[in-house]
Amino acid sequence: MSRTNRGTRPAGHDFWSKRPPSNKCGAGGSGPSAKKRTASIERQQAKHQTAKEFHMNEITSRLENWIREQVTNKEFILWGNVFDDMQSRWPDNTIIHTSGIYNCKLHEGSVVRTRNSTYLLGKEYTDESNSEKESENRR
């Protein structure tokens, strides 16, 4: 068996050197407490990244030029143009409305889950985008 400069240790043992006061994970210092904090932060980051990748894999279509319509105090629907429907329910650029969605903040890039679908939100409908299209059509 080979030996390191520090001697033998059980399998899986990490040799930690002193860390700079602030590293990318925010756990400064050295020793076992810094190792535990850093490992905990890295696990949380990996968990969030895995959840984000999971949601990206289950997206059924993309909703562009969407607008929010409040239905009840707790629920709203979205109207918009659907693209890239994975279930082949609608051709691209078809205007649809979603089933009910519980109140949450929406912005471009949000992933919204309804009863049967998961949508990636594109650009929100604005009067400016509509007036630009109308002026192009007049030409």
Short to long, in 5 Å steps from zero, the percent of alpha-carbon pairs of the stretch 61-132 per bin is 3, 17, 29, 27, 15, 7, 1
Over 30 Å between Cα atoms: which of Lys36/Lys123; Lys47/Lys105; Lys35/Lys105 fall into that group?
Lys36/Lys123; Lys35/Lys105
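We did not get these values from a lab; they are worked out from the coordinates using the rules stated. Because the structure is a prediction, the values reported are computed rather than measured.
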